[in-house]
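What follows is a short report on a single structure.
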Amino acid sequence: MAWTTEAEALPEVSPSLAPNEAVALLFESYGDMIYSLGLSLCGEREGAEDLVQETFLRALKSWDGFEGRSKASTWLYTIATRACRRMRRRRAGEPTRLESLTRLLPSGEEGLIQIPAEDDPEAEAVLRHATDAIRSAVAKLPLDFKLPFVLKEMVGFTLAEVGEVLGLKEATVKTRVHRARLKVRQQLIEKLPSAPAPAKDHARQECMALLRAKLEAMDRDAVFPLSLDVLCARCTSVFATLDFARGACVMLREESMSDDLRSSLAEACGSA
């Protein structure tokens with residue numbers, strides 16, 4: 001699946017526009033994306049609908065204070081993530097931390113994950129199960145890891161833009177996104193078929209260096225910078241599952257709000 005960033009996909013909105021006109025354009029461009037964000041962060045439709053309403057009504061009230069120093073989309077997602085923090089109540093038993101990076105690394109895995117080709121008759125079913133697994137894995141992330149992960153992998157912001165939205169240093173965002181990717185991948189591979197792995201033919205340090213290079217390429221939405229010939233079978237499998245997880249995240253952002261919610265919010269934003 002092709003990876004398209006938010007900035008490439010959707011237009012920006014000038015701060016010179018009147019509030020109703022500006023927020024109506026923002027709602028048209030970003031309404032379903034904010035709804036998808038709400039589903040991933042809240043875990044259920046009622047919470048997602050509340051988040052959409054809260055975000056755009058606050059945007060309407062505060063548009064006159066938007067000076068254009070950041071992108072309108074960044075400003076809007078800042079409102080959405082702050083609203084999410086206000087609205088969200090931590091569920092009983094929900095983790096507040098992730099395991100250490102050492103425990104999240106795939107170095108101890110014995111099997112090679114098998115991802116079916118697109119023309120495989122089972123591919124659609126595997127992708128559907130994988131998407132469900134990704135949704136569940138994201139829902140279980142601690143909020144401080146979930147927010148950066150969703151903004152990077154689903155919305156498509158750069159690390160710098162995620163940091164601007166969340167008020168974090170880019171290095172902090174990078175660390176949290178990397179750990180969240182590895183955690184989501186851990187839960188994803190439980191739903192995918194595997195085969196016995198061959199004997200290790202690369203040193204662990206070499207594989208870990210390649211994994212860091214892969215994660216950093218994903219940070220930049222770039223192609224892995226080295227020839228795939230340098231990868232052992234285990235690294236090839238790990239990289240494929242990371243890419244597969246990202247593709248499933250892209251699918252999760254395609255959720256749409258109900259027509260009733262869309263109509264009522266469009267009217268409130270002045271676009272009806």
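The values are calculated or read from the model by the stated rules, or taken from the named source; none is laboratory data. Please read all numbers here as calculations on a predicted model, not as lab measurements. No Cβ is skipped: glycine too gets one built from the backbone with ideal geometry, and neighbour counts run over all protein chains shown. Protein only, heavy atoms only, side chains kept; ligands, DNA and RNA dropped before computing areas. Shrake-Rupley method; radii C 1.70, N 1.55, O 1.52, S 1.80 Å.
Just a few scattered comments:
- Val165 being among the β-branched types (Val, Ile, Thr), open to solvent by less than 70 Å² (accessible area, probe 1.4 Å) and in contact (Cβ under 8 Å) with a residue 60 or more places away in the chain: yes
- Of all residues in segment 66-80 being over 18 Å from Ala24 (Cβ atoms) and part of a helix (DSSP H, G or I), the one that is most open to solvent (accessible area, probe 1.4 Å): Thr78
Here is a yes/no grid of residues against (1) surrounded by 15 or more Cβ atoms within 10 Å (Cβ to Cβ); (2) within 26 Å of Ser136 (Cβ to Cβ); (3) within 19 Å of the chain's Cα centre (by Cα):
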| position | (1), (2), (3) |
| --- | --- |
| Glu206 | no, no, no |
| Ala217 | yes, no, yes |
| Val238 | yes, yes, yes |
| Thr241 | yes, yes, yes |
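- For segment 104-159, residues that are of a type in the set (Lys, Arg) and open to solvent by less than 40 Å² (accessible area, probe 1.4 Å) total 2.
- Taking the listed residues Ala248, Ala199, the one that is small (Gly, Ala, Ser) and either without any contact (Cβ under 8 Å) to a residue 60 or more places away in the chain or out of contact with any helix residue (DSSP H, G or I) (no Cβ under 8 Å at 6 or more places or on another chain) (or both) is Ala199, with no other qualifying.
- Positions within segment 227-272 being in a loop (DSSP other than H, G, I, E, B) and of a type in the set (A, V, I, L, M), in sequence order: Leu231, Met257, Ala272
- Verdict on Leu98 being in a loop (DSSP other than H, G, I, E, B) and touching a residue at least 12 places away in the same chain (Cβ under 8 Å): yes
- The one condition in (1) part of a helix (DSSP H, G or I); (2) more than 13 Å from the chain's Cα centre (by Cα); (3) of a type in the set (D, E, K, R) that Asp201 fails to fulfil: (1)
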